[in-house]
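The block underneath contains the structure these notes are about, expressed in structure tokens.
Since every read-out is calculated from the coordinates, none of them should be taken as a lab result. Here the structure is a predicted model, which means the values were calculated and not measured. Reconstructed Cβ throughout: ideal geometry from the backbone, glycine too, with neighbour counts over all protein chains shown.
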Amino acid sequence: MNTTEVMDMFDKYVVANYKRLPRAIVKGEGNYLYDAEGNKILDMFPGWAVSGIGHCHPMVVEAIRKQAGELLHIDNTFYIPQQGQLAKMLSQRAFGGKCFFCNSGAEANEAALKLARRFTPREKYKFITAEGSFHGRTFATVTATAQPKYHEGFLPMLPGFEYVPFNDVDALQAAFTDEVAGVMIEPIQGEGGINMATEEYMQTIRHLCDANGAVMILDEVQTGLGRTGKWFGYQHYDVQPDVITMAKALGGGVAIGAMMTTEHMAACLVPGTHASTFGGNPLACAAGIAVLEAIKADDLLANAAAMGKYAVERLTALKDKYPVITQIRGTGLMIGIQLNAPGAGIVDNCLEKGLRINCTQGNVLRFMPSMTVTPEQIDEAMTILDSALAQEG
Ligand SMILES: *Cc1c(COP(=O)(O)O)cnc(C)c1O
């Protein structure tokens, strides 16, 4: 099937709830995609951060093949060795907590919100989240997502959520009452346009949660698993959260999400309180283990930090050349290019020239290559972006 034939099928049979780029993708290898016509595309936004170590990483492919021949799924009525092993590996890379496994970022955040309600006394029920956040599309997580455009047509939202401006310490303090069960924020807002939490903001959340018996939840669905140059985004700060959630890059392309919390808080999720049928099955966990092993084997945390620095250097040179770029910001390979004009045309132009990037919030280009990206691939991306900016900027 060619791209046109695939698009015709979608017209007839697939709900049109996504704005799709006009390409049918049939193959991915490392940092490149191939469409149905055989065109090669340099992917600097792989799977919206899902393919964090590139497409079809050989170690992940091998682990999945092996696991598929042994056991694809077994329910959580039994013990699952791969689930235990992945939980141990994640625990050792974070704050020594315990994991609950699910299948997506939204589900991981749902688990975190339910945990916070259940852990805290009954009179505590409120959640504070930040404007510009993105936490998912289920009813609780889209309510947590403090962007009115995502609520349109779905009112009333779930009760109990309050929104504060991101990085505003005073607003947070003012919103903090006895009724607050938890605060949920992203260490670096992704969909919100690559906005980094300040050290002071993180410290204030920690302090207010401690003082009021509330739960500090960090949504690490995009920042987790190495993209920022550390295993988790919170590790750039001098704080320890009570809960982190992750998903996207965890399975290297296989659907898996996880919520990690302290042993103390984890104890409130006794049998019957929360569950997921597919959560933590052998296939997904084998993929997760392989992702963590691949990051270590190829020293990809260091590569993410180094390539992030290099990309920012190259992008800063483009900023000096094109006044449409007003700021470059980011940590590691989570990089935003702030424009003073809409970015959609630049994204389309780049794709035509064989480069995939993303635009969020209308005027922030997201440059988020996989942790396996090379300087040569960044150079290749910059050449294309440069020529797109020359035409569109
Ligand atoms: C993508 C994302 C989510 C939602 O994850 P899904 O797997 O789409 O449910 C939640 N939080 C953040 C920060 C994300 O980037």
Formal net charge of residues neighbouring LYS124 (Cβ-Cβ distance under 9 Å; K, R +1; D, E -1): 0
Anisotropy class of the range 135-213 from Cα gyration tensor, a/c 1.5 cut: oblate
Neighbourhood net charge (13 Å Cβ-Cβ; Lys/Arg +1, Asp/Glu -1) for GLY272: +2
Bridge type composition, the range 59-297 - antiparallel percent by DSSP, nearest 5: 40
GNM flexibility winner over the chain from GLY54, GLY343, GLY160 (Cα, springs under 10 Å): GLY160
Most to least packed among 70-78, 379-387, 14-22 [average Cβ atoms within 10 Å]: 379-387, 70-78, 14-22
Exposure proxy order (Cβ contacts within 10 Å, fewest to most) of HIS57, HIS207: HIS207, HIS57
Cα gyration tensor category, rounded, prolate or oblate, for the range 218-302 with a/c compared to 1.5: oblate
Sequence-distant lysines (8 or more away, or on other chains) whose Cα lies within less than 23 Å of LYS98: LYS88, LYS114, LYS230, LYS248, LYS296
Peptide ranges 283-290, 346-353 listed from the most packed, as the mean C-beta count within 10 angstrom indicates: 283-290, 346-353
Cβ crowding within 10 Å averaged over residues, with 196-202, 226-232 ranked highest first: 226-232, 196-202
The chain, helix-only ellipticity at 222 nm - DSSP H runs n ≥ 4, -39,500 (n - 2.57), divided by all residues, nearest 500: -11500 deg cm²/dmol
Residue order, fewest to most surrounding Cβ atoms within 10 angstrom, among ILE41, ILE188: ILE41, ILE188
Prolate/oblate/rounded label for the range 1-51 (Cα gyration tensor, a/c 1.5): oblate
Net +/- balance of residues flanking SER387 in space, Cβ distance below 11 Å, scoring K and R +1, D and E -1: -2
Ranked list, fewest to most other Cβ atoms within 10 Å of each Cβ, for TYR125, TYR234: TYR125, TYR234
